[in-house]
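Here's the structure, in structure tokens; my notes come after.
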Amino acid sequence: YISDGQSVVNQNNNGGFGPHVQINNAQSSGDMITSIYRHFNTPYYFKTYMNQLGKTSRSALFTTYSSQTGALTTWRGVAINEGKLHYYYSFGRLSVDGQNIGIASVPDSMAYTNSGRIVKVFETKPFQVTDSSRILFDENSGFVDSSAAASVLGKNGFINCKVDLIDNVTGELVSTVKDLKQGSSDPHGYSFVPYLLTTDGIGQKTVRAQIVVTTDLDSVKTNLIKGTAIDNPTSGSSVQSMSLDHLSLQIIKSYTLLQNYPNPFNPTTEIDYSVPKETHVTLTVYDVLGQEVETLVNEEQNVGRYQVQFNGSRLASGVYFYRLVAGSHVITKKMLELK
């Protein structure tokens, strides 16, 4: 059970346990209660437990809000489920130079999947930055059950969460702030991390933060979650400081396909490319006869720089070609495998 990152339902409190749990508002106390369906032996029945969550009433909650010196801030999250895999990511409580920045609203009917892959889940409202700006934000992420996640992800499965700064006028990528990719070898449990981002080198511009989630899982169920938090920024050693990658501050203005590295290669090599706008991208490897060897990429991609790995272990030594097709742009380069 994932809520605001602070509350946990322990299903075996006071002997109450089971896979079917209903969470309810209590009528009198304002606390929340759990009603658990007991089906382990007959007669089957529901049993209710008070104060399992220890939540305050809505009126008490807003009384607490009004007593705070800070304003309310917003956060947005996405829950991804496939079989026993349950993953959660949220971004919020964004503050830029002391000013709270909200999350842009999206229609409830918006589709968050594209051929089974989640894309551009949400973005913030625009805000101004300079070389001396201080950006605070919270990031929550992780798998409910890491071992179960590893089993579902298999050898090559992954979930990738990116936070990009996008120029509000041109729509071009300014910088990638976070790029969190998790596979079966490193699925971490639920964690909460507050960040302080400094923006030296960014110049003066209006940007918005865009959160992009991608996965190669084909049958995921995706839910968008939104909420409100008290503006009570964490301070001290728990805040992780970070700065912008100056290499990524170079705005992407054209489609590029770099020479693979290493070249010649045996048996793996890496291919880097960039796209200046959101478009459908294919990256395909061909032999000298023009026959397709392998399609490495075939999906909608956002503005950004990308790197993919090609494994030629099953191929013979020789010359191969790799071709990037992005919108109406086609770029082809040659590579050599030597065994």
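The values are calculated or read from the model by the stated rules, or taken from the named source; none is laboratory data. No experiment lies behind these values; they were computed from the predicted model shown. Methodologically, a virtual Cβ is constructed for each residue, glycine included, from the backbone with ideal geometry; neighbour enumeration extends over all protein chains shown. Ligands, DNA and RNA are stripped out before the accessible areas are found, and what is left, the full protein with its side chains, is counted by its heavy atoms. Shrake-Rupley method; radii C 1.70, N 1.55, O 1.52, S 1.80 Å.
Pick out the one residue from VAL220, VAL193, VAL174 that is in contact (Cβ under 8 Å) with a residue 40 or more places away in the chain and under 16 Å from ASN302 (Cβ atoms).
VAL174
Sort through TYR273, TYR306, TYR320 and tell me the only one that's touching an Asp or Glu at 6+ places or on another chain (Cβ under 8 Å), among the hydroxyl-bearing types (Ser, Thr, Tyr) and at pLDDT below 95.
Result: TYR306 is the single residue among TYR273, TYR306, TYR320 that is touching an Asp or Glu at 6+ places or on another chain (Cβ under 8 Å), among the hydroxyl-bearing types (Ser, Thr, Tyr) and at pLDDT below 95.
May I ask you to list the residues in region 194-229 that are open to solvent by 30 Å² or more (accessible area, probe 1.4 Å) and farther than 20 Å from GLU123 by Cβ?
Result: THR198, ASP200, GLY201, GLN204, ASP216, ASP218, SER219, LYS221.
Quick one: would you say THR268 is at pLDDT below 90 and more than 30 Å from GLY83 (Cα to Cα)?
no
Could you check region 168-193 and list, in sequence order, the residues that are part of a loop (DSSP other than H, G, I, E, B), open to solvent by less than 40 Å² (accessible area, probe 1.4 Å) and either among the hydrophobic types (A, V, I, L, M, F, W, C) or at positive phi (or both)?
Of everything in region 168-193, just one residue is part of a loop (DSSP other than H, G, I, E, B), open to solvent by less than 40 Å² (accessible area, probe 1.4 Å) and either among the hydrophobic types (A, V, I, L, M, F, W, C) or at positive phi (or both), namely GLY171.
What are the residues in region 48-83 that are modelled with pLDDT of 75 or more and either in contact with a helix residue (DSSP H, G or I) (Cβ under 7 Å, 6 or more places away or on another chain) or open to solvent by 70 Å² or more (accessible area, probe 1.4 Å) (or both), if any?
GLU82, GLY83
Could you list, in sequence order, the residues of region 134-161 that are in contact (Cβ under 8 Å) with a residue 60 or more places away in the chain and either more than 25 Å from ASP216 (Cα to Cα) or open to solvent by 20 Å² or more (accessible area, probe 1.4 Å) (or both)?
Matches in region 134-161: ARG134, ILE135, LEU136, PHE137, ASP138, VAL144, ASP145, SER151, VAL152, ASN156.
State yes or no: is LYS253 in a strand (DSSP E or B), open to solvent by 80 Å² or more (accessible area, probe 1.4 Å) and either modelled with pLDDT under 70 or of a type outside the set (S, T, N, Q) (or both)?
Values: in a strand (DSSP E or B): no; open to solvent by 80 Å² or more (accessible area, probe 1.4 Å): yes; either modelled with pLDDT under 70 or of a type outside the set (S, T, N, Q) (or both): yes.
No; evaluated as a whole, the condition is false for this residue.
Tell me, which residue of region 310-339 that is under 18 Å from PRO264 (Cβ atoms) and of a type in the set (D, E, K, R) is nearest to the chain's Cα centre (by Cα)?
LYS333
Looking at (1) touching a Ser or Thr at 6+ places or on another chain (Cβ under 9 Å); (2) open to solvent by 30 Å² or more (accessible area, probe 1.4 Å); (3) on the phi < 0 side of the Ramachandran plot, which one does VAL303 not meet, given that it meets all the others?
(2)
State whether the residues of region 84-94 include one that is modelled with pLDDT of 80 or more, open to solvent by 20 Å² or more (accessible area, probe 1.4 Å) and either of a type in the set (Phe, Trp, Tyr) or in a strand (DSSP E or B) (or both).
Looking for residues that are modelled with pLDDT of 80 or more, open to solvent by 20 Å² or more (accessible area, probe 1.4 Å) and either of a type in the set (Phe, Trp, Tyr) or in a strand (DSSP E or B) (or both), one finds at least one in region 84-94, hence yes.
List the residue pairs whose Cβ atoms are under 8 Å apart, where the first residue sits in region 292-321 and is among the β-branched types (Val, Ile, Thr), the second is open to solvent by 60 Å² or more (accessible area, probe 1.4 Å) and part of a strand (DSSP E or B), and the two are 6 or more positions apart or on different chains.
Matching pairs, first to second residue: VAL308/GLU270; VAL319/LYS334.
Answer yes or no as to whether LYS155 is modelled with pLDDT under 85 and basic (Lys, Arg).
For LYS155, the condition - modelled with pLDDT under 85 and basic (Lys, Arg) - is met.
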